[in-house]
2 protein chains.
Amino acid sequence: MSTGASGNTKTIVLGNRPLREYILEAIISINRDVDIVEILGRGKQIHRAVTLYNTLTSRLGDRITLKNVEIGSMLIRGRRVSYIKISIGKK
Amino acid sequence: MSTGASGNTKTIVLGNRPLREYILEAIISINRDVDIVEILGRGKQIHRAVTLYNTLTSRLGDRITLKNVEIGSMLIRGRRVSYIKISIGKK
């Protein structure tokens, strides 16, 4: 699980772990002093990034709000890979 | 390939066909009297929807602009499925 934090933004980079681990990590971040949680999904993880967002909205409901969705491609080891970056904020 | 059109919006729903067919369909729509092309990807097609968008931007460059990205979940045959809807406009 690769994660990073800059200021009050927490970035969760999806890998191959069970989705529940990332869900837990996101919920813990939201309950702490984090303003924005960024979910980054690359390649086949894009689907899981959207499912993670949907799970958070169904569990946390009014407490979070979708700030931004960014899509694009990035180079990883010389290959072009699609990605999604979902930014979630607190209300 | 399931497609729909309402007004000047063309919706392309990704299925299991090769991505190049959807790319072609999108490019033809953009060259015609269509203002917005919506790409809808559900479940595992979400990844391909983003790749389709990336391919269009690399091929058409300045001619198109990303209008909106919507993510959420919908019920399909009683199951909750994540989706992405990417709206592309002409410049």
Scan of segment A:59-91 for residues that are at the interface with chain B (Cβ under 8 Å from one of its Cβ atoms) and either open to solvent by 50 Å² or more (accessible area, probe 1.4 Å) or more than 12 Å from the chain's Cα centre (by Cα) (or both), ordered by number: A:Leu66, A:Glu70, A:Ile71, A:Gly72, A:Ser73, A:Arg80, A:Ser82
Can you give me the number of residues within segment A:7-22 that are hydroxyl-bearing (Ser, Thr, Tyr) and touching an Asp or Glu at 6+ places or on another chain (Cβ under 8 Å)? 2
Would you pick out the residues in segment B:13-35 that are among the β-branched types (Val, Ile, Thr) and either under 17 Å from B:Arg59 (Cα atoms) or within 14 Å of chain A (Cβ to nearest Cβ) (or both)? B:Ile23, B:Ile27, B:Ile28, B:Ile30
Against the definition (open to solvent by 30 Å² or more (accessible area, probe 1.4 Å) and of a type in the set (Gly, Ala, Ser)), how does B:Gly41 come out, yes or no? no
Taking segment A:44-58 on its own, how many of its residues are within 11 Å of chain B (Cβ to nearest Cβ) and either open to solvent by 80 Å² or more (accessible area, probe 1.4 Å) or of a type in the set (A, V, I, L, M, F, W, C) (or both)? 6
Starting from segment A:36-65, take each residue that is touching a residue at least 40 places away in the same chain (Cβ under 8 Å) and more than 24 Å from A:Ile76 (Cα to Cα) and list its partners that are in a strand (DSSP E or B) and open to solvent by less than 30 Å² (accessible area, probe 1.4 Å), counting only C-beta distances under 6 angstrom and pairs at least six apart or across chains. A:Ile36/A:Ser87; A:Ile36/A:Gly89
How many of the residues in segment A:15-34 are surrounded by 15 or more Cβ atoms within 10 Å (Cβ to Cβ) and within 18 Å of A:Lys91 (Cα to Cα)? 5
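The values are calculated or read from the model by the stated rules, or taken from the named source; none is laboratory data. Keep in mind that what you see is a predicted model, and the values were worked out from it rather than measured. All Cβ positions, even for glycine, are placed from backbone atoms using ideal geometry, and neighbour counts span all protein chains on display. Remember, those area values only see protein heavy atoms, side chains included, never the ligands or the DNA or RNA. Shrake-Rupley method; radii C 1.70, N 1.55, O 1.52, S 1.80 Å.
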